[in-house]
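The values are calculated or read from the model by the stated rules, or taken from the named source; none is laboratory data. Computed from a predicted structure; not experimentally measured. Because the Cβ atoms are built from the backbone with ideal geometry, glycine has one as well, and the counts that use them run over all protein chains shown.
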Amino acid sequence: MLDISDLKEKMILLGITAVVFLPLRLLASHYLFDHWLGNLGIATLISVTLIILIKKEKLGRLGIIFKKQITKTLWSKSAKIIVCTLVIFMVYFGTTILLVDRGNTIYYEDKLILSDAIAQKDVDRVVLEGLSGPAIAHEVPLLAYFHYMEYIFSISYAMLNDATGGWLVNLHLIMFMEQVEILGLLWFFKRYFRPAIIS
């Protein structure tokens with residue numbers, strides 16, 4: 001049976017964390033810090049401050065809701081699903097960042113050729129035959145397929161990142177750090193808010 005008040009509490013917490021952390025990370029990474037470590041530092045500082053305020057009961061009803069929901073979640077069956085989901089998203093965001101980097105380094109020449117051809121609306125067979133492609137030498141067919149897929153995604157994501165003025169990587173880096181931070185917070189909460197009786 002669905003508990004409406006429990007669902008309402010979860011939505012309140014999700015909304016508050018989304019409203020606080022995502023804009024804060026976007027602003028901090030865009031205006032304050034050039035390196036992702038600075039971004040991690042500011043978000044972690046706020047998270048640890050939040051945990052301390054909750055433990056000292058300085059956040060009133062919001063602190064009670066937050067502690068109740070996080071404790072309930074960490075010792076439920078859904079905790080493993082949450083951790084697996086966070087890891088999957090972390091792998092996705094991290095892989096996208098690496099693919100953009102490869103598109104801007106290893107496959108840079110091919111990216112330029114394709115970008116120019118697309119800008120001039122002149123993508124034809126001659127242009128495609130002029131591409132170097134991935135370096136594949138006597139590989140197992142399945143590995144060659146994965147190399148071609150990596151090549152295609154690297155160039156595509158690098159071009160998309162260029163088209164967005166670097167915001168694709170910026171947002172993916174922020175989301176990657178969000179997953180890392182949430183995993184760290186879950187671990188920290190599990191140690192800090194261990195209930196006396198686990199129901």
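Mind checking which residues of region 70-85 are within 20 Å of Tyr192 (Cβ to Cβ), of a type outside the set (D, E, K, R), part of a helix (DSSP H, G or I) and over 14 Å from the mean Cα position of the chain (by Cα)?
Ile70, Thr71, Thr73, Leu74, Ser78, Ala79, Ile82
What are the residues in region 137-188 that are over 19 Å from Asn104 (Cβ atoms) and free of Cβ contacts under 8 Å to residues at least 12 places away in the same chain, if any?
Passing the criteria: Ala137, His138, Glu139, Val140, Pro141, Leu142, Leu143, Ala144, Tyr145, Phe146, Trp187.
Out of the residues in region 1-50 meeting the condition of being modelled with pLDDT under 75 and among the hydroxyl-bearing types (Ser, Thr, Tyr), tell me which one is farthest from Met177 (Cα to Cα).
The extreme case among them is Tyr31.
Being surrounded by 14 or more Cβ atoms within 10 Å (Cβ to Cβ) and charged (D, E, K, R): is that true of Glu109 here? Spell out how you get there, then give the answer.
Details: surrounded by 14 or more Cβ atoms within 10 Å (Cβ to Cβ): no; charged (D, E, K, R): yes.
The answer is no for Glu109.
Among the helices (runs of 4 or more DSSP H) lying completely within region 86-199, list those that include at least 1 residues that are closer than 30 Å to Thr44 by Cα and modelled with pLDDT under 90. Steps first, please.
Values: elements: 108-119, 125-129, 141-163, 167-192.
Fully inside region 86-199 and qualifying: 167-192.
Name the residue, out of Ile65, Ile118, that is surrounded by 18 or more Cβ atoms within 10 Å (Cβ to Cβ) and over 19 Å from the mean Cα position of the chain (by Cα).
Only one candidate qualifies: Ile65.
So Asp124 passes all but one of these: (1) farther than 30 Å from Ile16 by Cβ; (2) surrounded by 14 or more Cβ atoms within 10 Å (Cβ to Cβ). Which condition number does it fail?
Failing condition for Asp124: (2).
Please find, among Val140, Val169, the residue that is surrounded by fewer than 18 Cβ atoms within 10 Å (Cβ to Cβ) and among the aliphatic types (A, V, I, L, M). Give the derivation first.
Numbers: Val169 fails: surrounded by fewer than 18 Cβ atoms within 10 Å (Cβ to Cβ).
Exactly one of Val140, Val169 is surrounded by fewer than 18 Cβ atoms within 10 Å (Cβ to Cβ) and among the aliphatic types (A, V, I, L, M), namely Val140.
How many residues are modelled with pLDDT of 85 or more and surrounded by 12 or more Cβ atoms within 10 Å (Cβ to Cβ) if we restrict to region 68-85? Even if it seems obvious, please write down each step before you answer.
Of region 68-85, the ones modelled with pLDDT of 85 or more are 80-85.
Applying the additional criterion that residues be surrounded by 12 or more Cβ atoms within 10 Å (Cβ to Cβ) yields 82-83, 85.
Matching residues across region 68-85 total 3.
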